[in-house]
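The values are calculated or read from the model by the stated rules, or taken from the named source; none is laboratory data. Only a predicted model underlies this, so the values are computations on that prediction, with no experimental measurement involved. Using ideal geometry, Cβ is built from the backbone for each residue, glycine included, and neighbour counts are taken over all protein chains shown. Note: areas computed on protein heavy atoms with side chains; ligands, DNA, RNA excluded. Shrake-Rupley method; radii C 1.70, N 1.55, O 1.52, S 1.80 Å.
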Amino acid sequence: MNSFDTRKAFLDFFVSKGHKEVKASSLIPTDESVLFTTAGMQQFKPYFLGEKSPYGNMVTTCQKCMRTSDIDNVGDVNHLTFFEMLGNFTFGQYFKKEAIQYAYEFLIDTLKLPKDRIWITYFKGDKDVEKDEESIKIWKELGISEDRMIGFSREDNFWGPTGNEGPCGPTTEIHYDLTGINCSLGDKCLPNCSCKRYVEIWNLVFNEFYQDKGKKLTPLKQNGVDTGMGLERLCMALQGKTILFETDLFDGIIKEIEKVSGKKYEDFQSSFRIIADHLKSAMFLIEAGILPGKNDREYILRRILRRAIRHAKNIGLKDFNSILEKIFDIYEDIYPEIIAGKERIISVIDEEKLKFEKTLEKGLKEFEKLSFINSEKAFYLYESYGFPIELTIELAKEKNINVDLKEFDDLQKKHQEISRAGAQKKFGGLGIDIVLDEKDRKEMTKLHTATHLLHQALRQILGEEVKQMGSDINPERLRFDFSFKRKLEKEELEKIENLINEKIKEGLEMKKEEMKYEDAIKSGALAFFKEKYPEIVNVYSIGNFSKEICAGPHVDNISELKCVKILKEEAVGVGVRRIKIKLNNC
Ligand code: SER
């Protein structure tokens with residue numbers, strides 16, 4: 001069964017069992033304590049804690065996920081950074097019995113996976129949480145013999161929370177025996193063996209507890225079920241493969257890399273896999289609004305892109321375009337948003353490639369000159385040549401040299417603090433700590449309101465791929481940066497200006513409401529993704545025209561803006577445009 005049908009079979013199965021199919025959330029999570037969406041349950045976290053779910057109490061999703069913990073392992077047979085997680089979730093409606101029965105029915109009856117290849121793991125208990133006898137009993141009733149079930153401790157069979165606190169609980173996992181062949185451990189070759197004979201395909205989490213910031217567990221008011229099945233792994237089992245990259249989610253990409261590079265996959269497996277996985281992740285990260293850069297998410301994107309570029313160089317691969325097309329082909333029907341952002345995604349990748357290739361050559365020469373690598377030298381390569389530390393480590397490994405990561409981290413942190421302080425000075429919005437006279441303050445408040453109008457007008461005229469990337473206000477003008485792939489036409493600028501001025505004429509009120517961040521997002525309020533938002537946020541609406549999370553301050557009625565004039569539109573980077581506007585003297 002191919003991946004498209006598998007994804008559909010899963011969602012159809014759970015819809016037939018009364019679950020509501022919910023759209024995947026963005027790779028940038030609403031839960032701000034984590035960098036990326038790493039699991040299907042994240043968008044439902046509040047409902048596990050008792051908040052009323054707008055989707056009902058049983059939902060199912062196919063969630064795009066990004067896990068960075070394994071970046072360095074990508075290249076082997078079964079590690080990925082981007083993957084899709086199939087899940088069914090309930091907030092208090094059913095518990096272990098139904099969850100296990102559904103999983104069994106879907107795998108064995110619907111997908112017809114051979115039962116004799118299935119192994120089960122369960123939580124064996126510890127001083128705080130007792131052994132999961134109930135799951136063992138349910139599996140037995142379904143005909144799984146006890147010698148196919150193995151108990152593990154917290155590390156393997158207890159899940160959560162994501163971030164600092166949240167729902168968590170014991171798990172029962174379904175493992176699939178890919179080869180039926182013992183490794184050198186003989187009979188001790190069992191699920192969770194490092195030999196890769198078995199693959200964990202489905203994790204059923206029974207959310208019974210809340211873990212607070214101090215790691216204390218308290219029982220939740222209602223039990224919940226959170227399951228996650230790796231689509232790529234399930235495809236591996238269904239398509240009879242032992243390597244993720246040989247499933248149809250990668251096969252076409254690998255073949256295209258062979259075609260364009262003229263090299264054979266079997267001779268350069270690791271580079272092929274890294275290129276395929278990293279380009280996929282990069283595409284989805286850029287779609288989510290991230291650009292390569294120096295901090296947090298931006299740095300992760302830069303790091304994976306640059307690693308892909310270096311491996312492309314290894315195999316003489318010069319052009320990514322047709323490879324990216326293959327990736328778009330795989331996902332266009334599932335995630336139409338990546339097609340909407342296609343041109344921008346391609347140009348961001350191209351630009352980063354050009355930039356890195358230029359410095360890579362110089363940097364590699366510099367690297368070769370060094371007789372040893374310490375963290376200062378690694379930092380110098382990072383700062384001067386944009387060498388991600390991981391790249392230096394990889395290169396150093398080839399020369400059998402260790403780099404002390406801790407020291408490097410300290411240097412990087414120090415550097416980030418300095419550049420952050422600089423950035424704050426440079427781009428500070430209304431929060432900046434300078435004394436303004438009353439007149440200037442009023443002008444800046446108006447321009448701040450104009451930011452919302454402009455943001456919405458851009459989205460309305462150019463499309464929803466427009467995302468705010470930054471802004472800068474002084475009493476004379478507003479500078480607004482946003483994601484968009486090309487220069488704006490004169491007519492488009494006119495339309496944008498006219499739309500804003502029409503709204504100003506309508507004299508709409510600026511309304512402020514306080515609400516939970518998650519609710520704000522759900523109500524359709526725009527958020528500035530780079531921002532770390534508190535739990536409770538202010539949402540400012542201008543009639544039905546615009547709704548944004550924002551700290552304010554704003555005018556009470558937008559008629560105070562009188563009129564807006566666009567002064568300039570220009571590029572500030574690849575896929576990022578800048579508009580300057582002023583008020584009053586139109
Ligand atoms: N949250 C669990 C996981 O990510 C199950 O969905 O594995």
Item to complete: Kindly state, to the nearest 0.05, the FRET efficiency for LYS52 paired with GLU357, given R0 = 56 Å and r defined as their beta-carbon distance.
Response: 0.60
Worksheet item: What's the extension gain from LYS442 to GLU376 if we count 0.36 nm per residue and subtract their Cα-Cα distance?
Response: 19.0 nm
Discussion item. Filter LYS259/LYS353; LYS264/LYS358; LYS23/LYS96; LYS362/LYS568; LYS213/LYS241 down to the pairs with a C-alpha to C-alpha distance above 30 Å, please.
Written reply: LYS362/LYS568; LYS213/LYS241
Fill in: Inter-centroid distance (Cα atoms) of the range 183-197 relative to the range 34-89, Å
28 Å
Practice prompt. Might you report the magnitude of the Cβ-based charge dipole of the range 478-586 about its Cα centre, with Lys and Arg at +1 and Asp and Glu at -1, to the nearest 20 debye?
Written response: 520 debye
Practice prompt. Would you mind putting 34-47, 508-521 in packing order, based on average other-beta-carbon counts within 10 Å, highest first?
Written response: 34-47, 508-521
Item to complete: Tally up the carbon and sulfur contribution to the accessible surface of the chain as a whole percent, 1.4 Å probe, everything protein left in place.
Response: 48 percent
Worksheet item: Given R₀ = 30 Å, FRET efficiency for SER523-ASN295 by Cβ-Cβ distance, to 0.05?
Response: 0.55
Discussion item. Could you tell me the relative contact order of the chain? Use alpha-carbon pairs under 8 Å, at least six residues apart, and round to a whole percent.
Written reply: 10 percent
Practice prompt. Of the DSSP beta bridges with both residues in the chain, give the percent that are antiparallel, rounding to the nearest 5.
Written response: 90 percent
Worksheet entry | Net length gained if the chain between ASP333 and ASP350 were fully extended (0.36 nm per residue, minus Cα distance) | 3.7 nm
Fill in: Global geometry of the range 277-384, whether rounded, prolate or oblate, following the gyration tensor of its Cα atoms and the 1.5 cut on a/c
prolate
Worksheet entry | Whole-number accessible area per residue in Å² for the range 1-144, which is evaluated in the context of all protein chains at 1.4 Å | 40 Å²
Practice prompt. Quick one: grab the alpha carbon gyration tensor of the range 325-405, order the square roots of its eigenvalues as a ≥ b ≥ c, and give me rounded if a/c is under 1.5, else prolate or oblate depending on whether a/b is larger than b/c.
Written response: prolate
Practice prompt. Run the 1.4 Å probe and let me know the accessible area of CYS235, rounded to the nearest 10 Å².
Written response: 0 Å²
Response to the item:
Result for the range 248-400: accessible area per residue, probe 1.4 angstrom, in square angstrom, of 41 Å²
Discussion item. Full-extension gain between ASN164 and LYS487, please, as 0.36 nm times their residue separation minus the C-alpha to C-alpha distance.
Written reply: 112.0 nm
Worksheet item: Between rounded, prolate and oblate, where does the range 476-586 land on the alpha carbon gyration tensor, with a ≥ b ≥ c its root eigenvalues, rounded for a/c under 1.5, else prolate if a/b exceeds b/c?
Response: oblate
